[in-house]
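Okay, so here's the structure we're looking at.
The values are calculated or read from the model by the stated rules, or taken from the named source; none is laboratory data. In this text, all values refer to a predicted model and were calculated from it rather than measured experimentally. Positions of Cβ are generated from backbone atoms using ideal geometry, with glycine treated the same way; all protein chains shown enter the neighbour counts.
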Amino acid sequence: MNIAISRSEDKRRPDGWLSPVYGRSRKVSVDHKALDRNRLVGYSQDTEAVEAFKILRTKILQVAGAGDRRVIMVTSPRQGEGKTMITVNLALTFAKEFRQTVLLIDGDLKNQNVHTCLGYESERGLGDYLYGQAKFEDLVAWPGIEKLTIVSGGSYRSESAELLNSPKMHELMNDLRNRFRERYVIIDAPAALDSADTNVLAPMVDGIVIVVQAGRTLKKDISAALKLLPTAKILGFVVNRFPHK
């Protein structure tokens, strides 16, 4: 497989900042009101919430970087636990780091919300590529945030598990992993107990982050999710909405 790249070259400043030059990526405009409404603080000025995501980024880089694990899937036991919000904030925070670029992929083919959270329109996504209805490079969007590109949107796909387990998806993941050594791929995956898709994606990724919500996620659901996911790939948990003291 030979996928056209979404940036034509990389330029590194003397201070180490990796500066992509975006070529074929489709430019989209994010809605700042949507960012505030959906608690997307990852690219804001330093606040307590931003600092929390920086700490999370550092911990992931320490664990994943040691094993060259650059394809990371974010999931949760059940829907509604803040998974997509955490995923997008994590991607935004990764994009602020000097040493790598980030590709954020909406891998929830039945409930694609990444573009909605960011407040832009997107009619085509990963499912359209896997279904043979779009070229991958035509789906890559640049939201005007340096070092971040996104593949999101697309129509509902009832055959999502079959598409995600197709040879085309396996080839895509291998290509994305090997094409750029300084890029992290972050995938917003479905909730583990609500969809077979997450179990299909798990063998293809290098690391898994599990989001749970304080006061909502049940211990039995956490245990059930852990039984479905490869233990060796779990990088850790993120507790969403933890009460502030």
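Quick notes
- Hey, GLY65 under 17 Å from the mean Cα position of the chain (by Cα), buried (at least 24 other Cβ atoms within 10 Å of the Cβ) and modelled with pLDDT under 90 or not: no
- The lone exception for ALA91 - which of (1) closer than 22 Å to VAL41 by Cβ; (2) of a type in the set (A, V, I, L, M); (3) over 14 Å from the mean Cα position of the chain (by Cα); (4) in a helix (DSSP H, G or I) it fails: (3)
- Among the candidates SER8, SER29, SER25, SER19, the residue that is out of contact with any helix residue (DSSP H, G or I) (no Cβ under 7 Å at 6 or more places or on another chain), hydroxyl-bearing (Ser, Thr, Tyr) and modelled with pLDDT under 60 is uniquely SER8.
- The residues in region 42-82 that are touching a helix residue (DSSP H, G or I) at 6+ places or on another chain (Cβ under 7 Å) and not aliphatic (A, V, I, L, M) can be counted, and the count is 11.
- First in region 142-159 and under 12 Å from VAL28 (Cα atoms), second anywhere and among the basic types (Lys, Arg), Cβ under 6 Å, 6 or more apart: TRP142/LYS27
- Filtering LEU163, LEU126 for residues that are without any contact (Cβ under 8 Å) to a residue 60 or more places away in the chain and touching a Phe, Trp or Tyr at 6+ places or on another chain (Cβ under 8 Å) leaves a single hit, LEU163.
- Looking across region 175-187 at every residue that is touching a residue at least 40 places away in the same chain (Cβ under 8 Å) and part of a helix (DSSP H, G or I), the one that is nearest to LEU118 (Cα to Cα) is identified as LEU176.
- Failed condition for GLN79, given (1) surrounded by 18 or more Cβ atoms within 10 Å (Cβ to Cβ); (2) in contact with an Asp or Glu (Cβ under 7 Å, 6 or more places away or on another chain); (3) not in a helix (DSSP H, G or I): (1)
- The listed residues are ALA52, ALA91, and the only one of them that is within 24 Å of GLY236 (Cα to Cα), of a type in the set (Gly, Ala, Ser) and surrounded by fewer than 24 Cβ atoms within 10 Å (Cβ to Cβ) turns out to be ALA52.
So that you can scan it fast, the table gives a plain yes or no per residue for (1) surrounded by fewer than 22 Cβ atoms within 10 Å (Cβ to Cβ); (2) within 14 Å of the chain's Cα centre (by Cα); (3) not acidic (Asp, Glu):
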{"position": "TYR120", "(1), (2), (3)": "yes, no, yes"}
{"position": "GLY125", "(1), (2), (3)": "no, yes, yes"}
{"position": "GLN133", "(1), (2), (3)": "yes, no, yes"}
{"position": "LEU139", "(1), (2), (3)": "no, no, yes"}
{"position": "THR149", "(1), (2), (3)": "no, yes, yes"}
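- Residue check, SER155 touching a helix residue (DSSP H, G or I) at 6+ places or on another chain (Cβ under 8 Å) and surrounded by fewer than 19 Cβ atoms within 10 Å (Cβ to Cβ): yes
- Residue within region 117-124 that is modelled with pLDDT of 95 or more and small (Gly, Ala, Ser) present: no
- Among the residues of this structure, ALA192 does not count as one that is in contact with a strand residue (DSSP E or B) (Cβ under 7 Å, 6 or more places away or on another chain), over 23 Å from THR116 (Cβ atoms) and modelled with pLDDT of 95 or more.
- Among the conditions (1) surrounded by 19 or more Cβ atoms within 10 Å (Cβ to Cβ); (2) at pLDDT 95 or above; (3) farther than 23 Å from ASP194 by Cα, ASP106 misses just one, which is (3).
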